[in-house]
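Each remark here refers to the structure printed beneath this line.
The values are calculated or read from the model by the stated rules, or taken from the named source; none is laboratory data. Small disclaimer: the values here were computed from a predicted structure and weren't measured. When we count neighbours, we look across all protein chains shown, and the Cβ atoms used for this are built from the backbone with ideal geometry, even at glycine. In case anyone asks, the SASA skips ligands and DNA or RNA and just uses the protein heavy atoms, side chains included. Shrake-Rupley method; radii C 1.70, N 1.55, O 1.52, S 1.80 Å.
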Amino acid sequence: GHRIRMRYRPANGTVRDYLLEPCGLLYGTRPYLLAVVPGKADAAVWRLDRIERVEDTGEGFVPREGFDVTTLSAQSFGVWREAPHDVVLRFSAAAAKEAAGWRFHASQVCEPQVDGTLVVRFRAGGLDEMANHLASWGGTVEVLQPAVLRQRLAEMGRALLERHGTD
């Protein structure tokens, strides 16, 4: 409930100080601080590893009416917020047990199939982060929907093959 002053170094290296109203922490491939800059309409994410210093200002603030971290993050995969998509994944029989124990998203529904595969459905944005995560499952996962996610995974695979493939 206190504003903080934070020194932050983004990817471009330009260090800057910010006055923030912290809302919570989000965990994706990296941990992030979710915070509002006073006077701005929306919350932003700040990578914890790029925060150089934090000071408690001692100034209290009232959280924005209707703002709810759980509701906000439920629209996303990891930390990235974008328009949600209906996602349908099929995991091979070899990966089905491990995938069934994984929480891909709060809205997920797991559907074991008679052939031993597992279909996982959820609705979320954050396709780039999804693609990066799904790539770690290798050939054990197939993206059935949306086509744009399947395309991003294919592009990642082509880029890797081009860079690291052999004759």
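Just a few scattered comments:
- Only a single item in (1) at pLDDT 95 or above; (2) more than 29 Å from Arg152 (Cβ to Cβ) is not met by Thr117, and it is number (2).
- For Glu21: the one exception among (1) at pLDDT 90 or above; (2) over 30 Å from Ser107 (Cβ atoms); (3) not polar (S, T, N, Q): (2)
- Count of region 28-58 residues which are in a loop (DSSP other than H, G, I, E, B) and closer than 21 Å to Ser136 by Cβ: 3
- Search result, residues across region 110-162 that are assigned to a loop (DSSP other than H, G, I, E, B) and more than 19 Å from Ala100 (Cβ to Cβ): Gly126, Pro146
- Single residue of region 27-47 satisfying the filter (surrounded by 14 or more Cβ atoms within 10 Å (Cβ to Cβ) and of a type in the set (A, V, I, L, M)) that is nearest to the chain's Cα centre (by Cα): Val45
- Of the residues making up region 1-26, just one is closer than 10 Å to Val54 by Cβ, in contact with a Leu (Cβ under 8 Å, 6 or more places away or on another chain) and open to solvent by 50 Å² or more (accessible area, probe 1.4 Å), namely Arg5.
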